[in-house]
Amino acid sequence: MCRYKILFIDDEANDHSSSRKQLIDTLVKDTRFDIEAVHPIDFQEILDRPDTGTTPYNLIIVDYKLGSKQSDSGSHYHSNGYAVTSLCKEKYPETPVYLISQILNKDVTLGEHYDKMLSHTFLTKSEGRDLLFSDCIHYATLNEKDFTLKELFRLPKDDIDVFYQALPIEFKNIDTSKQTRETHEVLDKEPPTIRLAKWVNQVFLSRSGPLIDEDELAVLFGLKKSDKCLSTLKERNEIKECLYTGIFSNSNHPKWWAQSIFNFASSLVDTENQIMPWKQLPTILGMPDDCLSTCVVCGEKNPECIAYDSDDLPLEQGKPAHWKCTSPSENHEDIPGFNPTLILHDL
Ligand SMILES: [Zn+2]
């Protein structure tokens, strides 16, 4: 099995009394990784190494607070993880840099300066290490020079048009223009592959558009989102075939290709219901009444969309509603090719 090389920069990397050192030891024992843990003072030696043209690391993890513990040579580091990340990006532009911190509340936060921010606790769990492993695989795929977008995203035929409408213009020829990828440094420090990874995680997998999440899947079929109401449906082969299995898919909650799944839903209902299949699908699927989805604003049946409570920042818990019971958010920019973010009218 391929082992992924990870550079871990932390002032507690050699402090045997720290919980961070225990975490690093757990990662070292994980046969999927080859961990090089260094104190930020010793990182200078890595920076001074001559460039070989290829990056020696699949991923870099940086702690934020780097000045507490001294190095083996007795020196304290006088900067923080933000500055070290900049140095990493300059030296190894194609390598993603993740921040690790004790004070992050969420397991995973997407960043701009850091490619991702992970909480210390998350990385002590097996699911955290699994995410690290799957991310290493995805970044390695992106850094292979001969991928096609169709393979990278495992694009189904029905969704090709919608996908290309949503894909930013800068990535449209990323699979055919190796030269553009290799000469990026002249134009921009951040390589196209790193920018593509950011777009996939921050927009493509985060917003409703070419892909839908489980909340929207439930609404499309007129059902409540619960194991009881959705498990049989999700086990159907036609639904499994619409599951997104492309790049970064297993680093996120499951998503489905919107056009493929809509086409399947429409194919099950009578012609007059094909535009709004959720009206007839619960009956066709033989679902009990307590599985029918209802609008959280007016309480009536057949909600058509997922919307958010404006007080529930940063809008994580989507709820079923009618279009007429929602308004587009004024605080979330519209992104071409994606659905507007909808806010529930007052309950
Ligand atoms: Zn309503």
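Net charge within 9 Å of Leu149 by Cβ-Cβ distance, Lys/Arg positive one each and Asp/Glu negative one each, not counting Leu149 itself?
It works out to a net charge of 0.
Out of Asn273, Asn331, Asn263, any idea which swings most in a Gaussian network model of the chain, alpha carbons joined below 10 Å?
Asn331
Less than 10 Å Cβ to Cβ from Leu211, Lys/Arg counted +1 and Asp/Glu -1: what total charge do the surrounding residues give?
That works out to -1.
Non-local amide H neighbours of Ile35 (under 5 Å, H modeled in plane, Pro and chain starts lacking H): which ones?
Sorted by chain and number, the residues that satisfy this are Ile6.
Residue separation times 0.36 nm, minus the C-alpha to C-alpha distance between Ser68 and Lys279: what's the value?
On the way: separation 211, 0.36 × 211 = 75.96 nm, distance 6.07 nm.
Between Ser68 and Lys279, full extension yields 69.9 nm more.
Name the aspartates and glutamates eligible as straight-distance cross-link partners of Lys69: C-alpha to C-alpha under 19 Å, and not fewer than 8 places from it in the same chain.
Those aspartates and glutamates meeting the cut-off are Asp10, Asp11, Glu12, Asp15, Asp25, Glu36, Asp42, Glu45.
Given points 7 Å out from each Cα along the Cα-Cβ axis, report the Asn237 to Lys150 separation in nanometres with one decimal.
About 2.3 nm separates the two model spin labels.
I want the local charge near Lys69. Using Cβ-Cβ distances under 14 Å, sum +1 for each Lys or Arg and -1 for each Asp or Glu among the other residues.
Overall, the nearby charge balance is -4.
Please state, rounded to one decimal and in Å, the Kirkwood hydrodynamic radius that segment 22-153 gives when every pair of distinct Cα atoms enters the mean of 1/r.
Across segment 22-153, the inverse of the average 1/r is 16.0 Å.
If I model a spin label as a point 7 Å beyond the Cα along the Cα-Cβ vector, how far apart are those points for Gln165 and Gln44 in nm?
5.6 nm
At a 1.4 Å probe radius, which order do Lys157, Lys198, Lys319 fall into by accessible area, largest first?
Result, largest first: Lys157, Lys319, Lys198.
Given R₀ = 35 Å, what would the calculated FRET efficiency be for His76 paired with Ser134, taking r from the Cβ atoms and rounding to 0.05? Present the calculation step by step, with values, prior to reporting the outcome.
Working: r = 36 Å, r/R0 = 1.02.
Rounded to the nearest 0.05, the efficiency is 0.45.
Using the Cα atoms of the chain, I'd like the radius of gyration and the largest Cα-Cα distance, Dmax, both in angstrom.
23.1, 77
Quick one: Karplus J couplings for segment 127-133, per residue in order, coefficients 6.51, -1.76, 1.60, θ = phi - 60°, nearest Hz, x for Gly and Pro?
Working through the residues one at a time gives 5, x, 5, 5, 5, 4, 5 Hz.
Which distance in Å, rounded to a whole number, links the C-alpha centroids of segment 1-57 and segment 268-323?
48 Å
Return, in residue-number order, each cysteine of the chain whose C-beta is not under 4.7 Å from any other cysteine's C-beta.
Isolated Cys, the chain: Cys2, Cys88, Cys136, Cys242, Cys295, Cys298, Cys305, Cys325.
When the chain is modelled as a GNM with alpha-carbon springs shorter than 10 Å, which of Thr326, Thr124, Thr54 fluctuates the most?
Most flexible of the set in this elastic network: Thr54.
Amide H of Ile61 versus every other amide H placed in the peptide plane: which residues, excluding those fewer than 5 positions away on the same chain, fall under 5 Å?
Leu7, Phe8, Ile9, Tyr98
Considering only DSSP beta bridges whose two residues both sit in the chain, what percent are antiparallel, to the nearest 5?
Close to 40 percent.
What is the distance in Å between the Cα centres of segment 237-255 and segment 69-85?
Each part reduced to its Cα centre gives a spacing of 41 Å.
What does the accessible area of Arg154 come to, in Å² to the nearest 10, when a probe of 1.4 Å is used?
About 150 Å², ignoring ligands and nucleic acids.
Can you run phi through the Karplus equation (6.51, -1.76, 1.60; θ = phi - 60°) for segment 38-48 and list ³J(HN,Hα) in whole Hz, with x for Gly and Pro?
The phi angles translate into 9, 6, x, 5, 6, 5, 4, 5, 5, 4, 7 Hz.
In terms of Cα to Cα distance under 24 Å, which lysines are near enough to Lys324, apart from those fewer than 8 places away along the same chain?
Partners found: Lys224, Lys225, Lys279, Lys301.
Run down the lysines and flag those whose C-alpha is under 26 Å from the C-alpha of Lys172, throwing out any fewer than 8 positions away in its chain.
Partners found: Lys89, Lys116, Lys145, Lys150, Lys157, Lys189, Lys198, Lys255.
The values are calculated or read from the model by the stated rules, or taken from the named source; none is laboratory data. If you're wondering where the values come from, they're calculated on a predicted model, not measured in any experiment. Every residue, glycine as well, gets a Cβ built from its backbone with ideal geometry; the counts of neighbours run over all protein chains shown. Surface areas here come from the heavy atoms of the whole protein model, side chains and all, with no ligands, DNA or RNA. Shrake-Rupley method; radii C 1.70, N 1.55, O 1.52, S 1.80 Å.
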